[in-house]
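See structure below.
Just so you know, all these numbers are worked out from the coordinates, no wet-lab data involved. All values derive from a computational prediction rather than experimental measurement. Heads up, the Cβs are rebuilt from the backbone with ideal geometry, glycines too, and the neighbour counts pull from every protein chain shown.
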Amino acid sequence: MAKLYFRYGAMNSGKSTGLLQTAFNYEERGQRVLLAKPGVDTKGDSRIVSRLGMSRDVDFLIPPTADIRELFARQAAGDDPDALVQHVDAPPVACLLVDEAQFLTPEQVDDLFRIAILDNVPVLAYGIRSDFRTHAFPGSRRLLEIAHSLEELKTICRCGRKAVFNTRRIGTRIIFDGDQVAIDGDEVWYESLCGACYLEASNGRLGS
Ligand SMILES: [Zn+2]
């Protein structure tokens, strides 16, 4: 019986790097994997981009209300004319890897669970646990609820402790306003902080 895995961490904890490494490990053994991510993330478009410099196209993007199990079945069979990467003679899929899983809806996370159980394909979802106001993303909350396996990917705060929170910044200022989903641009940037540094930067404020 296959399982649903959630590998989560703060921003910059190496999630995309880990995903690409896992895909490589499967393929090195001659196994086929499918890579997907929500279409909402405009950073890198249809590519999964690691901060270490590696990048790779996903096999399919997941629209906001799409049934992932259906998308997965089409891709696995290799019969999707819109596929970003075409598979001529589609061998079985050994693993589905999902990047930016925090942007999935709870229903789409349920689809991942069904793929693992009903289609017997392991699903590895990578995502950020909480937003810049310290609240769980809906997709991450659902993954924390139903994933068979939870694994924390760690990154280091500027003080050397483990970072758990993501702050949204403009310049040195910490921002609590705005949409949950905002992709880094010229002005907005994010810093992963430990609890102590978060409270110091936010003047004792936790979330909104
Ligand atoms: Zn710190």
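By the helix-only formula, in which each DSSP H run with n ≥ 4 contributes -39500 (n - 2.57) and the sum is divided by residues, the chain has a 222 nm mean residue ellipticity of -7500 deg cm²/dmol. Within the chain, 95, 159, 197 have no other Cys Cβ under 4.7 Å of their Cβ and so lack a disulfide-compatible partner by this rule.
Can you tell me what share of the DSSP beta bridges in the chain is antiparallel? A percent to the nearest 5 is fine. It would help to have the intermediate numbers written out before the result.
Working: 14 of 36 bridges.
Looking only at bridges with both residues in the chain, the antiparallel portion is about 40 percent.
Across the chain, C-alpha contacts under 8 Å between residues 6 or more apart give a mean separation that, scaled by the residue count, equals a relative contact order of 27 percent. Were the residues from residue 177 through residue 27 laid out at 0.36 nm apart, the gain over their Cα-Cα distance would be 49.8 nm. For segment 110-169, the dipole from Cβ point charges (+1 on Lys and Arg, -1 on Asp and Glu) about the Cα centre works out to 620 debye, to the nearest 20. The orientation-averaged projected area of the convex hull spanned by the Cα atoms of segment 4-152 comes to 8.3 nm².
Take the cross-link list 15/162; 15/154; 37/154 and give me the ones stretching past 18 Å between alpha-carbons. Before the final figure, lay out each step's value.
Values: 15/162 15 Å; 15/154 9 Å; 37/154 21 Å.
In this structure, 37/154 exceed 18 Å between Cα atoms.
Using a Gaussian network model of the chain in which every pair of alpha carbons under 10 angstrom is joined by a spring, one finds that among 101, 116, 73 the greatest mean-square fluctuation is at 73.
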